[in-house]
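Notes follow the structure.
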Amino acid sequence: MIRFESVTKLYHLGDSVVHALDGVDIEIGRGEYVAIMGASGSGKSTMMNVIGCLDRPTSGRYLFEGHDVGRMSDDLVTKLRAGEFGFVFQSFNLLPRMSAIEQVELPMVYRHGRNRRRLAKEALARVGLADRMHHKPTQLSGGQQQRVALARALVVNPRVILADEPTGALDSQTSTEVMEIFTSLVRERGITVILVTHEPDVAAYADRRVRMRDGHIVEDTAKVALPA
Ligand code: ADP
Ligand code: MG
């Protein structure tokens, strides 16, 4: 589903060039559960941003379902991003004044005219927050806020969830609850989950662990080589 061929991403900072991704080859199939690990600055977030079409490679090719994302128009890339990917971040990225249900309705502004409330309720119920729909972020615990963010990511039925350090701000009990939801998305709904984490016990939930260093993949536990 996801295929990188010698992907690089360079950032220019004054006179110096940062090789955030320095020739990455990887394939991730549908329904895989992948943890990306590595030191700070090793290129994990850059890789997630390229996968989620938030950013384009400097060179190399990114194929999504066989389509070269680099050759798509901006409009098409925007559609691909909105339709296929759900994003979850360490800091939840919720809007302070909005209730849980309003946050979850937000991504549907562009998609469904009707049924927004019903779909948002269903998404919140799926993450165990049916009884917290009208709470605002400050009235929710960290774990509950992350579950609202997850419901917001899920409400458009993405095929891929990209989670950048989703448990980074959570205690271990709450991390477990959130990770169990990710696991159920893979096992019960066949969603592809790719998450970045520093914590080995979080990475242990995934079926495959990829380690990055200086913009390279230095370790990948993928059991079977995927066909080219
Ligand atoms: P990680 O998520 O593994 O901590 P990142 O992908 O965020 O790493 O960053 C990889 C490298 O690219 C780092 O050296 C970082 O400083 C640099 N970098 C990331 N984003 C930018 C940017 N927008 N501008 C300049 N440099 C960046
Ligand atoms: Mg990062």
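Tabulated data
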read-out: Carbon plus sulfur fraction of accessible area for the chain, probe 1.4 Å, in percent; value: 49 percent
read-out: Computed [θ] at 222 nm, deg cm²/dmol, the chain (DSSP H ≥ 4; -39,500 (n - 2.57); rounded to nearest 500); value: -9000 deg cm²/dmol
read-out: Solvent-accessible area per residue, Å², over the range 2-222 with all protein chains present [probe radius 1.4 Å]; value: 48 Å²
read-out: Calculated Rg and Dmax of the chain using C-alpha coordinates, Å; value: 17.5, 54
read-out: Total lysine pairs under 25 Å (Cα atoms) in the chain, excluding pairs fewer than 8 apart on one chain; value: 6
read-out: Among 121, 79, 44, residue whose mean-square fluctuation peaks in a GNM of the chain (springs only between Cα atoms under 10 Å); value: 79
read-out: For the chain, size of Cβ-based charge dipole, Lys and Arg +1, Asp and Glu -1, in debye; value: 980 debye
read-out: The chain: angle of helix 142-154 to the longest principal axis, Cα-based, in degrees nearest 10; value: 70 degrees
read-out: Sequence-separation-based contact order of the range 2-222, relative, with Cα cut under 8 Å and 6+ spacing, percent; value: 30 percent
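The values are calculated or read from the model by the stated rules, or taken from the named source; none is laboratory data. What you see is a predicted model, and the numbers here were worked out from it, not measured in a lab. Please note: Cβ atoms are built from the backbone with ideal geometry, for glycine as well, and neighbour counts cover all protein chains shown. The accessibility values were calculated without ligands, DNA or RNA, using every heavy atom of the protein model including side chains. Shrake-Rupley method; radii C 1.70, N 1.55, O 1.52, S 1.80 Å.
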